[in-house]
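Engineer: Quick one: structure below, then a few questions.
No value in this document is a laboratory result; all are computed from the given coordinates. Every value quoted in this text rests on a predicted model; they were computed, and no experiment measured them. Cβ placement follows ideal geometry from the backbone for every residue including glycine, while neighbour counts extend to all protein chains displayed.
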Amino acid sequence: LLPLAAVCDGLAWGADAPAGQASYALDLGRPGRRVDPSLASLSYETLELSDPTFFAADNRGLVRLFREMNPHGVLRIGGNTSDDTVWGGYRGRMPAYVPRRHGRLLQPHVLQPEGLQALAGFVRATGWKLVFGVNLRIGSPEMALDLAQAVQRLVGDQLLAIQIGNEANNYEHDYAAFDAAWTPYAKALRAAGLPIAGPDTGANTDWVIEYARRHAGENVFLSRHYYREAAENGSIPDLLAGDPGFFREVEQIMQVADQYALPFRISEGNSYYNGGRDGTSNVFASALWGADFMLALAQRGVAGMHFHGGTLHSVESSLGRVAKVATGGDIVAQRDAQASRYSAIAGNRALGYQPRPLFHGIALAQRFAGARMLPGRLDAGGVNLAAHAAKQGDAVLVALINKDAQHDVTVALGGLPHGAKGELLRLRAPSLDSRRDVSFAADGHVSADAGGACRITVPKGSAAWLRLA
Ligand code: BDP
């Protein structure tokens with residue numbers, strides 16, 4: 001018989017520097033928040049619907065990746081381009097246009113009914129729910145209502161909510177101005193029996209709280225966005241350093257959300273805005289960031305995290321730029337060049353689709369769906385290590401995410417069910433800046449000793465996921 005430590009130790013490799021020593025003690029007696037099955041969710045630009053072959057039932061490669069990420073996900077359509085879009089099916093008077101970015105007159109996009117019909121087919125094929133954003137910036141309540149009703153007719157009860165405006169904090173002077181502009185839209189939609197959600201603000205926690213106080217009873221969930229910073233300021237060390245200030249804001253929102261018994265969703269977000277940072281948002285570091293970020297949200301009771309992405313054309317247009325598509329290279333590089341830098345899925349219909357590194361981090365966190373998060377005491381031993389745990393029926397799930405670029409770490413786990421046994425999966429890649437060769441795969445078995453303890457080595461820049469029962 002092997003000594004127990006060897007049975008439960010994960011394989012360590014390439015460890016030149018001495019490994020850090022960490023401990024993580026779970027408290028099985030105090031289960032916390034239940035992880036919503038729709039935690040792993042996505043967000044795309046409204047402009048994506050200008051190509052009715054993209055969100056379409058027969059775009060099988062994309063349907064397959066959505067279902068693989070999460071059979072219970074929520075697709076949010078919105079972004080800057082939702083506030084640039086007029087509804088082609090509307091027969092009433094079109095709204096007047098206003099000058100917008102950098103004083104330039106806005107060129108509205110026209111959403112055609114075919115794009116919406118195709119989206120409905122895609123939603124049915126994936127089994128996902130839909131959150132749809134209508135134009136507040138250059139819209140009219142009448143046009144928004146007409147569009148929202150068309151969405152509801154096509155999507156039926158897979159429509160979770162309509163949101164009004166995208167990041168209105170960028171164009172409304174303050175919350176009061178937003179509320180005044182928003183109210184006629186909300187009234188029209190609610191009078192027609194449509195479910196609404198909001199305020200879909202960029203980063204204003206105070207807006208979410210004020211909105212909840214005024215409108216909780218009218219909404220099916222509360223929302224805001226998250227980006228760590230602008231792409232220009234992004235880097236792997238910056239991304240992996242974490243963002244404790246943001247999680248304090250999440251806790252403030254959750255207090256209010258709980259008071260009104262409303263779910264809270266990060267309805268759009270990713271690592272760095274302006275389309276993401278090349279060499280950071282689209283490499284393996286983003287997988288470790290994404291997994292940790294989602295589980296830190298779930299720990300605090302956030303129901304869903306919608307990672308923003310999509311084609312280069314669509315996201316770049318939302319920023320007022322023209323997309324440049326790289327040519328040459330092998331098929332993986334060619335597909336990669338089709339998507340915005342932070343998108344979890346790359347590719348197009350002709351070349352096929354493929355998961356980006358971030359996709360695998362999302363998949364790791366999504367394994368916690370339906371479980372109850374557990375409190376735990378982490379002593380990271382000076383290593384940039386994140387740990388999350390949950391109880392899923394009789395099983396305990398643990399994620400150990402070593403975001404450290406220098407140090408492997410051996411984690412002494414405690415408080416596991418005595419003598420529990422289970423599986424170990426590892427999320428890894430050749431290095432933090434790998435664009436490919438990411439794997440999330442089984443790496444043998446683990447077992448806790450008679451005292452509920454187990455030691456796992458997690459190499460630098462990798463994560464381990466355990467399930468013990
Ligand atoms: C967000 C917008 C979205 C953009 C994104 C970005 O809602 O439309 O694509 O920023 O800058 O604020 O990447």
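Engineer: Could you give the length gained by full extension between Ser431 and Arg67, i.e. 0.36 nm per residue of separation minus their alpha carbon distance, to one decimal place?
Structural biologist: Here the segment from Ser431 to Arg67 would lengthen by 128.3 nm.
Engineer: Subtracting the Cα-Cα distance from 0.36 nm times the residue separation, let me have the gained length for Ser439 to Arg349 in nm, one decimal.
Structural biologist: Here the answer is 30.0 nm.
Engineer: Find the relative contact order for the chain and round it to a whole percent, using C-alpha pairs within less than 8 Å whose residues are 6+ positions apart.
Structural biologist: Result for the chain is 21 percent.
Engineer: Report, in debye and to the nearest 20, how large the dipole of the chain comes out about its Cα centre when Lys and Arg carry +1 and Asp and Glu carry -1 on their Cβ.
Structural biologist: In debye, rounded to 20, the chain gives about 720.
Engineer: 5 Å is the cut-off here: which amide hydrogens, built 1.01 Å from N in the peptide plane, fall below it relative to Ala339, excluding neighbours closer than 5 in sequence?
Structural biologist: Those qualifying (amide H under 5 Å, at least 5 residues apart or on another chain) are Leu312, Gly347.
Engineer: To the nearest 0.05, how large is the calculated FRET efficiency for Asp206 and Arg321 if R₀ is 25 Å and r is the Cβ-Cβ distance?
Structural biologist: 0.20
Engineer: Now for a separate question. Give me the one-decimal nm value for the distance between modelled label points at Asp330 and Glu142, 7 Å along each residue's Cα-to-Cβ direction.
Structural biologist: Between Asp330 and Glu142, the simple spin-label model gives 5.8 nm.
Engineer: Calculate the dipole size of region 224-377 relative to its Cα centre from +1 charges on Lys and Arg beta carbons and -1 charges on Asp and Glu beta carbons; express the result in debye to the nearest 20.
Structural biologist: 320
Engineer: Restricting to the chain, compute how many DSSP beta bridges are antiparallel as a %, nearest 5.
Structural biologist: Working: 47 of 91 bridges.
So the antiparallel bridges in the chain amount to around 50 percent.
Engineer: If you take the alpha carbon radius of gyration of region 301-388 and divide it by 2.2 N^0.38 Å, what ratio comes out, to two decimals?
Structural biologist: Numbers: Rg = 17.6 Å, N = 88, 2.2 N^0.38 = 12.1 Å.
Ratio of Rg to 2.2 N^0.38 Å for region 301-388: 1.46.
Engineer: Mind giving me the FRET efficiency for Glu251 and Lys187? R0 is 30 Å, r the Cβ-Cβ distance, nearest 0.05 is fine. All intermediate terms of the calculation are to be shown ahead of the outcome.
Structural biologist: Values: r = 32 Å, r/R0 = 1.06.
For R0 = 30 Å, the calculated efficiency reads 0.40.
Engineer: At q = 0.17, 0.20, 0.26 Å⁻¹, what is the log10 ratio I(q)/I(0) for region 350-434, with the Debye formula run over Cα points and no solvent?
Structural biologist: For region 350-434, the Cα-only Debye profile gives -0.85, -1.11, -1.50.
Engineer: Full-extension gain between Asp379 and His418, please, as 0.36 nm times their residue separation minus the C-alpha to C-alpha distance. Walk me through the numbers on the way to the answer.
Structural biologist: Numbers: separation 39, 0.36 × 39 = 14.04 nm, distance 2.14 nm.
Full extension from Asp379 to His418 adds 11.9 nm.
Engineer: Over region 180-322, calculate the relative contact order: mean separation of alpha carbon pairs under 8 Å at least 6 apart, over the residue count, as a percent.
Structural biologist: 23
Engineer: Leaving out same-chain residues fewer than 8 places away, which lysines sit with a Cα under 27 Å from that of Lys187?
Structural biologist: Partners within reach: Lys129.
Engineer: A follow-up question, please. If packing is taken as the average count of other Cβ atoms within 10 Å, what order do 136-146, 356-366 fall into, highest mean first?
Structural biologist: Most protected by this proxy first, the peptides run 356-366, 136-146.
Engineer: Also: Regarding region 315-469, what are the three Cα extents along the principal axes, ordered largest first, in Å?
Structural biologist: Taking the Cα atoms of region 315-469, the three principal extents are 60, 34, 29 Å.
Engineer: Still on this model: Could you check the spin-label model distance between Arg93 and Ala405? Points 7 Å from the Cα along Cα→Cβ, value in nm.
Structural biologist: Once both label points are built, they end up 5.8 nm from each other.
Engineer: How big is D, in µm² s⁻¹, for the chain by Stokes-Einstein at 37 °C and 0.692 mPa s if Rh is the Kirkwood radius over C-alpha pairs?
Structural biologist: Once the numbers are plugged in, D ends up at 144 µm²/s.
Engineer: Among Gly276, Gln255, Gly234, which residue has its Cα positioned farthest towards the positive end of the charge dipole of region 174-294, with +1 placed on the Cβ of Lys and Arg, -1 on the Cβ of Asp and Glu, and the dipole taken about the Cα centre?
Structural biologist: Farthest towards the positive pole: Gln255.
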